[in-house]
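The values are calculated or read from the model by the stated rules, or taken from the named source; none is laboratory data. Keep in mind it's a predicted model, so treat the numbers as computed, not measured. FYI the Cβ positions are ideal-geometry reconstructions off the backbone, even for glycines, and counts take in every protein chain you see.
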Amino acid sequence: MSGTTVTDTNTGTNAPELDIGVVPATGGAVAQTGANTGKSACVVGSGFGGMALAIRLQSAGIQTTVIEARDKPGGRAYFWEKDGFTFDGGPTVVTDPPCLEELWELTGHDMKEDVELMKVHPFYRLNWPDGHNFDYSNVEEELNAEIAKLDPEDVEGYRRFLEYSAGVYEEGYVKLGTVPFLDFKSMLKAAPALIKKQAWRSVYSMISSFVKSEKLREALSFHTLLVGGNPFKTSAIYTLIHKLEKDGGVWWTRGGTNRLIAGMIRHFERLGGTMMVGDPVVQIHTIGNKATEVETKSGFKQRFDAVASNADIMHSYRDLLSGSKRGKDNAKKLARKSYSPGLFVVHFGLEGTWPGIPHHMILFGPRYKGLLDDIYDHGVLPQDFSIYLHHPTVTDPSMAPKGKSTFYALVPVAHMGKLAVDWDEIGPILEKRILDEVGRRLIPDIHDRIVTKFHYAPKDFEQDLNAHLGSAFSLEPVLWQSAYLRGHNRDDVIDNFYLTGAGTHPGAGIPGVVGSAKATAGLMIEDLKR
């Protein structure tokens, strides 16, 4: 899509046209800080990881081109505009703003030039079938009161849990979150600190050692689902999310998550970077152990000194590097790994406004572990489900026409390798069941109020994002697929081919993929000095 208009993130008005269309990869002005190195790089894919990497490279004077397959940039942070409503594809939870602000600070800029973040409070409202609500935030008095309603003794347990979370955050995020693990030795070096924090235990197990209330255990462990992990299997290291949220809060980008991507692109182009949109890469050509040329569907071909992929990790090796032995060999290895579940998302716009429904809600179902076993292990489509309900218009009314509201309801489902169903047939049935449940628990006349709706299934993730098996978060975030055992930031064989994004260390989520970009950029900048 050429000549796309972006919305100014501060005023909500139409800003001057931002060219994110298919353009020749000739580059723009030299980056504002540091001399142009005379080196060039290509980043395949414009998700958060790809854009964060591209900004870092361009800031270092490396002429960088980003090539995006879809008609709009953003990867999973895609968006649709229907009947006056704006629907974000996700992710919708922004944490650790400093990891994003740093991308502007590299060149003496301020993220506020391009992006407006809005505080979300409470972070989440958790609701159970018995009608109990739990508002989760970082306001200590409010949160302690919520915990005390469940079990007064758990207030002290939660305090001790936060101390543990802070320690894990220091070891797992601050020290290791942006460090590339390129050999097993580097993992062994990090092991003692992680063993001390009992990283082999699951998130749910560790939380259960601090608090007794089952509802509180669910409230403190569901976060791993937002990065594709089963709280009963994902390493306790992921409890660091609580420290991340407590210190930095939970935020929303005015205009939608897509405006954060638009702001990143605006900044990247300001530095002289080049965007190509709507032209899928079909092949990364190699000679020996070097990536030499990138070819797109339109016939565009260009040589680069280095190539990085923000595309799905399996797609990167199986398809984009299909002409190389390394691509074929690694694709076979990746096929044997375990992948995160898929997602089924119902986007809908409603008549009316709903000030009593917060920005983020989790509507827990009658089962917790049993439901997750069905999704992660058994590969069945259960009759019950837990719903993540996203209601951005309560924070940002610009997401819908006046007097109307934008929502999406998301449920995790098994990926297509475990759940072989016809989503064209099942999709409408599951969509109605989900809307019925939201209606039963929150909006009784929901079907009468719907102005527009559509759903997005694992099949769509596979078709639109080349997501292996329709997985929404790439490799499952379990201990045996972490650090060195996850995708490497630099390939082991093709020495100028790099990776960033959810399938790469440290993993999914905005802070995770932005951290992976920082690790990858450090390697690329150093390698391109040679």
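Between Phe473, Phe497, which is among the hydrophobic types (A, V, I, L, M, F, W, C), in the same structural domain as Asp319 (by TED's automatic domain parsing), in contact (Cβ under 8 Å) with a residue 24 or more places away in the chain and crowded, with 24+ Cβ neighbours inside 10 Å?
Phe497
Which of the following residues is basic (Lys, Arg) and at pLDDT below 95: Arg449, Arg433, Arg486, Arg440?
The unique qualifying residue is Arg486.
Can you list residue pairs whose Cβ atoms sit under 8 Å apart, with the first residue in region 104-118 being among the polar types (S, T, N, Q) and the second being at pLDDT 95 or above? Count only pairs 6 or more apart in sequence or on different chains.
Listed pairs, sorted by first residue: Thr107/Ser59; Thr107/Leu271.
Yes/no per residue for (1) out of contact with any Asp or Glu (no Cβ under 8 Å at 6 or more places or on another chain); (2) over 16 Å from Val93 (Cβ atoms):
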{"position": "Ser340", "(1), (2)": "no, yes"}
{"position": "His347", "(1), (2)": "yes, yes"}
{"position": "Gly352", "(1), (2)": "yes, yes"}
{"position": "Ile357", "(1), (2)": "yes, yes"}
{"position": "Gly365", "(1), (2)": "no, yes"}
{"position": "Lys369", "(1), (2)": "yes, yes"}
{"position": "Asp377", "(1), (2)": "yes, yes"}
{"position": "Tyr388", "(1), (2)": "yes, no"}
{"position": "His415", "(1), (2)": "yes, yes"}
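Identify, from the list Phe222, Phe210, the residue that is farther than 17 Å from Pro511 by Cα, touching a strand residue (DSSP E or B) at 6+ places or on another chain (Cβ under 9 Å) and either part of a helix (DSSP H, G or I) or touching a residue at least 40 places away in the same chain (Cβ under 8 Å) (or both).
It is Phe222.
Which one of these is buried (at least 17 other Cβ atoms within 10 Å of the Cβ) and out of contact with any helix residue (DSSP H, G or I) (no Cβ under 7 Å at 6 or more places or on another chain): Glu146, Glu153, Glu141?
Answer to the check: Glu146.
Looking at (1) in contact with a Leu (Cβ under 8 Å, 6 or more places away or on another chain); (2) outside the structural domain of Arg76 (by TED's automatic domain parsing), which one does Gly349 not meet, given that it meets all the others?
Against the list (1) in contact with a Leu (Cβ under 8 Å, 6 or more places away or on another chain); (2) outside the structural domain of Arg76 (by TED's automatic domain parsing), Gly349 comes up short only on (1).
Just checking, how many residues over region 96-129 are under 20 Å from the mean Cα position of the chain (by Cα), under 20 Å from Gly512 (Cα atoms), surrounded by fewer than 21 Cβ atoms within 10 Å (Cβ to Cβ) and not acidic (Asp, Glu)?
Looking only at that region, the number is 3.
Name, by its number, the condition in (1) over 20 Å from Gly90 (Cα atoms); (2) assigned by TED's automatic domain parsing to the domain that holds Glu214; (3) crowded, with 19+ Cβ neighbours inside 10 Å that does not hold for Ile241.
Of (1) over 20 Å from Gly90 (Cα atoms); (2) assigned by TED's automatic domain parsing to the domain that holds Glu214; (3) crowded, with 19+ Cβ neighbours inside 10 Å, only one is false for Ile241: (1).
Residues being without any contact (Cβ under 8 Å) to a residue 60 or more places away in the chain and polar (S, T, N, Q): count how many of those fall in region 119-160.
So the count comes out to 3.
Which is of a type in the set (A, V, I, L, M) and not assigned by TED's automatic domain parsing to the domain that holds Trp104, of Ala521, Ala502, Ala508, Ala457?
The match here is Ala457.
Can you tell me which residue is surrounded by the fewest Cβ atoms within 10 Å (Cβ to Cβ) among those in region 157-181 that are outside any helix (DSSP H, G or I) and modelled with pLDDT of 75 or more?
Only one residue fits best here, namely Val179.
Between residues in region 344-357 that are surrounded by fewer than 22 Cβ atoms within 10 Å (Cβ to Cβ) and residues that are polar (S, T, N, Q), which pairs lie under 6 Å by C-beta distance while being six or more apart or on different chains?
Final answer for the pair search is Thr353/Ser405; Trp354/Ser405.
Please state which one of Ser298, Ser322 is part of a loop (DSSP other than H, G, I, E, B) and either closer than 30 Å to Asp445 by Cβ or in contact with an Asp or Glu (Cβ under 8 Å, 6 or more places away or on another chain) (or both).
Within the list Ser298, Ser322, the selection yields Ser298.
All but one of (1) within 19 Å of the chain's Cα centre (by Cα); (2) of a type outside the set (D, E, K, R); (3) in a loop (DSSP other than H, G, I, E, B) hold for Thr239; which doesn't?
So Thr239 meets the others, but not (3).
Restricting the first residue to region 182-195 and requiring it to be closer than 18 Å to Gly167 by Cα and part of a helix (DSSP H, G or I), which pairs with a second residue that is modelled with pLDDT of 75 or more and among the β-branched types (Val, Ile, Thr) meet a Cβ separation below 9 Å and a spacing of at least six or different chains?
Filtered contacts from region 182-195: Ala190/Val179; Leu194/Val168; Leu194/Ile237.
In contact with a His (Cβ under 6 Å, 6 or more places away or on another chain) and under 28 Å from Phe222 (Cβ atoms): does that describe Gly470? Walk me through how you get there before you give the answer.
On the way: in contact with a His (Cβ under 6 Å, 6 or more places away or on another chain): yes; under 28 Å from Phe222 (Cβ atoms): yes.
Considered against the rule, which asks whether it is in contact with a His (Cβ under 6 Å, 6 or more places away or on another chain) and under 28 Å from Phe222 (Cβ atoms), Gly470 comes out as yes.
Give Phe48, Phe85, Phe79 a once-over and let me know the one that is within 30 Å of Ser405 (Cα to Cα), more than 17 Å from the chain's Cα centre (by Cα) and of a type outside the set (A, V, I, L, M).
Details: Phe48 fails: more than 17 Å from the chain's Cα centre (by Cα); Phe79 fails: more than 17 Å from the chain's Cα centre (by Cα).
Residue meeting the stated conditions: Phe85.
I'd like to verify a number: residues in region 332-386 that are charged (D, E, K, R), within 25 Å of Glu425 (Cα to Cα) and touching a Phe, Trp or Tyr at 6+ places or on another chain (Cβ under 9 Å), how many?
1
Within region 447-490, can you find the residues that are within 22 Å of Met416 (Cβ to Cβ) and of a type in the set (Asp, Glu)?
The answer is Asp460, Glu462, Asp464, Glu476.
Which residue out of Asp130, Asp135 is in contact with a helix residue (DSSP H, G or I) (Cβ under 8 Å, 6 or more places away or on another chain) and either among the aromatic types (Phe, Trp, Tyr) or outside the structural domain of Leu271 (by TED's automatic domain parsing) (or both)?
Only one candidate passes the filter, namely Asp135.
Quick one: how many residues across region 454-468 are surrounded by fewer than 22 Cβ atoms within 10 Å (Cβ to Cβ) and either in contact with a Lys or Arg (Cβ under 8 Å, 6 or more places away or on another chain) or β-branched (Val, Ile, Thr) (or both)?
Here the count works out to 2.
Does Thr292 meet the test of being over 26 Å from the mean Cα position of the chain (by Cα), surrounded by 18 or more Cβ atoms within 10 Å (Cβ to Cβ) and assigned to a strand (DSSP E or B)?
no
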